[in-house]
Protein chains: 2
Amino acid sequence: MTITITAFERSPDGGMGLARDTRVRWALEEVGQPYEVRLVSFRAMKEPAHLAVHPFGQIPTYEEDDLTLFETGAIVFHIAECHAGLLPDDANTRARAITWMFAAVNTVEPPILELVTAKILEGDKPWAKERMPLVADRVRDRMKQLAARLGNGDWLDGAFSAGDLMMVSVLLRVRPSGILDEFPNLAAYVARGEARPAYRRAFDAQLAVNTRPPIS
Amino acid sequence: MTITITAFERSPDGGMGLARDTRVRWALEEVGQPYEVRLVSFRAMKEPAHLAVHPFGQIPTYEEDDLTLFETGAIVFHIAECHAGLLPDDANTRARAITWMFAAVNTVEPPILELVTAKILEGDKPWAKERMPLVADRVRDRMKQLAARLGNGDWLDGAFSAGDLMMVSVLLRVRPSGILDEFPNLAAYVARGEARPAYRRAFDAQLAVNTRPPIS
């Protein structure tokens, strides 16, 4: 079985690990599966060959023998289902871990995406200065609720799971705004994620791609 | 096994079926599982008893014997995993159906949520008129890509699955803006979803809650 994922030829974040291939790399490292990476340029991402694999013209994608997947959450879930280490065996605990995967992408990430969009796509608009605090406060509302639930736990529901992998990855995207550090238990939670050897290997692998000299 | 879900005591949409309990009701109807509903007021949703079940103070939640879940996507997935009818048996086809579940909530829904937020929370702001077209165009970008992938298929990947259930539900939220009807194949796809007997039963059940006379 050969696993091939796609990643940005050059990530817009310059190697901060915020591009979504890092989530998939991390999952593969947690379960000890080797993988290959096919780098895709921004131009190629919008061309028919890539759109046939990823209808929304994004990265990452995942190919394994005759299976092709897109959408990070689904790829991480597939990896977690096929290999031990990311989902608990007990049925109820497993269902709750999957709940956190969906909560990460459907409840916590949307306001964070709005904050990123407000900066990147609307940062030069006349309303940017007045609107940004509103958007940031919507992120804070979610963070407060998440911080209350996490309390002083190490992970969201017992042992580390794919739910934590997704949630830590989503929270990493809010760190550049400074909002993560307003919630010390969430900042510590993210730091615990980053300290995992599998995360380090995933981070280093994407950093190597994004800091390699230009091919000329 | 008794299944109990929560729903709004009165949905903000007045019974249009856009509140997320409709997605869970629909899934339960597809697999033929009876369920009970506990209605929750806006005030009660933010109180400790409900926050213990749903850390983000929302609906729906799902209780089944000693299992408690929140987050619509995870609840629909749990129902699909436990009962036949919403996920195909073939492993690869199943993984692709799950991909569409995640694509619905993490790729297609976020710009739609932004559009809803722009109207509800920022409709009275000085930037609303100038900004709205930008937000609507971001929704259209995703819809174009989804329409291209769907083509003239009935469903996203062969037979109807939980991926279609989630995607149709997400697209229903964009219909009030008029944008759905700009994409005839997506509008027809949503209509196919709405025509399913299970959807009708789910819709009617939530409508009955939201049109009952006030208890005084």
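May I ask you to verify whether A:Thr93 is more than 7 Å from chain B (Cβ to nearest Cβ) and modelled with pLDDT of 95 or more? Yes; evaluated as a whole, the condition is true for this residue.
Regarding A:Val135, is this residue aliphatic (A, V, I, L, M), in a helix (DSSP H, G or I), within 11 Å of chain B (Cβ to nearest Cβ) and touching a residue at least 40 places away in the same chain (Cβ under 8 Å)? Answer is no for this residue. Restricting attention to the stretch B:161-188, the residues being surrounded by 23 or more Cβ atoms within 10 Å (Cβ to Cβ), in contact with a Leu (Cβ under 7 Å, 6 or more places away or on another chain) and either outside any helix (DSSP H, G or I) or hydroxyl-bearing (Ser, Thr, Tyr) (or both) number 2. In the set A:Ala198, A:Ala118, only one residue is within 15 Å of the chain's Cα centre (by Cα), assigned to a helix (DSSP H, G or I) and surrounded by 13 or more Cβ atoms within 10 Å (Cβ to Cβ); that residue is A:Ala198.
More than 8 Å from every other protein chain (Cβ to nearest Cβ) and over 25 Å from B:Asp157 (Cα atoms): does that describe A:Pro48? It is false that A:Pro48 is more than 8 Å from every other protein chain (Cβ to nearest Cβ) and over 25 Å from B:Asp157 (Cα atoms).
Every condition in (1) closer than 19 Å to B:Arg23 by Cβ; (2) surrounded by fewer than 19 Cβ atoms within 10 Å (Cβ to Cβ); (3) among the β-branched types (Val, Ile, Thr) is met by B:Thr211 except one, and the failing one is (1). If the condition is being over 14 Å from the mean Cα position of the chain (by Cα) and either of a type outside the set (D, E, K, R) or part of a helix (DSSP H, G or I) (or both), then the stretch A:201-216 contributes A:Arg201, A:Asp204, A:Ala205, A:Leu207, A:Ala208, A:Val209, A:Asn210, A:Thr211, A:Pro213, A:Pro214, A:Ile215, A:Ser216.
Based on what the data block shows, is B:Ile59 buried (at least 23 other Cβ atoms within 10 Å of the Cβ), more than 9 Å from chain A (Cβ to nearest Cβ) and at pLDDT 95 or above? Here the answer is yes, as B:Ile59 does meet what is asked.
Kindly check whether there is at least one residue in the stretch B:96-106 that is within 30 Å of A:Lys129 (Cβ to Cβ) and either surrounded by 14 or more Cβ atoms within 10 Å (Cβ to Cβ) or at the interface with chain A (Cβ under 7 Å from one of its Cβ atoms) (or both). Yes, the conditions are met somewhere in the stretch B:96-106. Reported count of residues in the stretch A:138-151, each being over 10 Å from B:Pro55 (Cα atoms) and within 7 Å of chain B (Cβ to nearest Cβ), is 0. Considering every residue within the stretch A:74-90, establish whether at least one is modelled with pLDDT of 95 or more, within 10 Å of another protein chain (Cβ to nearest Cβ), under 18 Å from B:Phe77 (Cα atoms) and touching a strand residue (DSSP E or B) at 6+ places or on another chain (Cβ under 8 Å). Yes, that holds for at least one residue.
The values are calculated or read from the model by the stated rules, or taken from the named source; none is laboratory data. Source: prediction; values computed, not measured. Cβ: placed from backbone, ideal geometry, glycine included. Neighbour counts: every protein chain shown.
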